[in-house]
Amino acid sequence: MSVEHINITIPTTLKNRLDAFLVKLKMKRSTFIQKAIVGYIKEKETQKIAKDLEKGYKLMALESEKDSEEWFDLEEEAI
């Protein structure tokens, strides 16, 4: 895996909190940031999939409702 160095800017207080937290985890800053980025991207992708599924299910429910109404009308005519 190739790696690249990047520069980021964060408030000093956040950097200090991060570094103190990482001492407890015994983890390097770059490792933590990599894991945080991967986790964030996965979370957003999962949220998008959930949203798309919700839209799809709502459309399916509307179609089912329309189909039910059509069948109900046909049953009424048959009776």
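Quick one: count up the residues across the range 5-19 that are part of a helix (DSSP H, G or I) and either acidic (Asp, Glu) or free of Cβ contacts under 8 Å to residues at least 12 places away in the same chain (or both). Total meeting the criteria: 7.
Is it true that ALA50 is aliphatic (A, V, I, L, M) and modelled with pLDDT under 90? So ALA50 fails the test.
The values are calculated or read from the model by the stated rules, or taken from the named source; none is laboratory data. All values derive from a computational prediction rather than experimental measurement. Cβ coordinates were reconstructed from backbone atoms using ideal geometry, including for glycine residues, and neighbour counts include every protein chain displayed.
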